[in-house]
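Data block below; observations after.
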Amino acid sequence: MHYQYKTKNTCSQLIDFDIEGNKVSNISFYGGCNGNLKAISKLVDGWTVEQIEGKLKGNTCGNRSTSCADQLATAVREALEKSNA
């Protein structure tokens, strides 16, 4: 299933990815720190929702309570829950 998530309180505006079962792939961020977000996308490609949450959930950026990585963890969990509904 292809999924798009509109981020909140980050420089990136949107995250696109595919989710099959609980495996996430083909992650793309729109906006934000291009090099860092490309690297995150490559590093977690093929990971499960639980693995992504375990590493990225709660990560902050500057004085914000979230980050693009934290938003990815939120997005993949939301996608998984919607696909199981």
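Calculated FRET efficiency, residue 83 to residue 45, Cβ-Cβ distance, R0 = 22 Å: about 0.75 to the nearest 0.05. Can you give the translational diffusion coefficient of the chain in µm²/s, computed by Stokes-Einstein from the Kirkwood radius over Cα pairs at 10 °C and 1.306 mPa s? In µm²/s, the coefficient rounds to 127. Each helix, a run of at least 4 DSSP H residues, gives -39500 (n - 2.57); summed and divided by the residues of the chain, these come to -13000 deg cm²/dmol at 222 nm. Annotation: aspartates and glutamates with alpha-carbon distance below 16 angstrom to residue 8 (same-chain offsets under eight excluded): 16, 70, 78. Spacing of the modelled spin labels on residue 34 and residue 18, each 7 Å from Cα toward Cβ, amounts to 2.5 nm.
Just so you know, all these numbers are worked out from the coordinates, no wet-lab data involved. Owing to the predicted nature of the structure, the values given are computational and were not obtained by experimental measurement. Please note: Cβ atoms are built from the backbone with ideal geometry, for glycine as well, and neighbour counts cover all protein chains shown.
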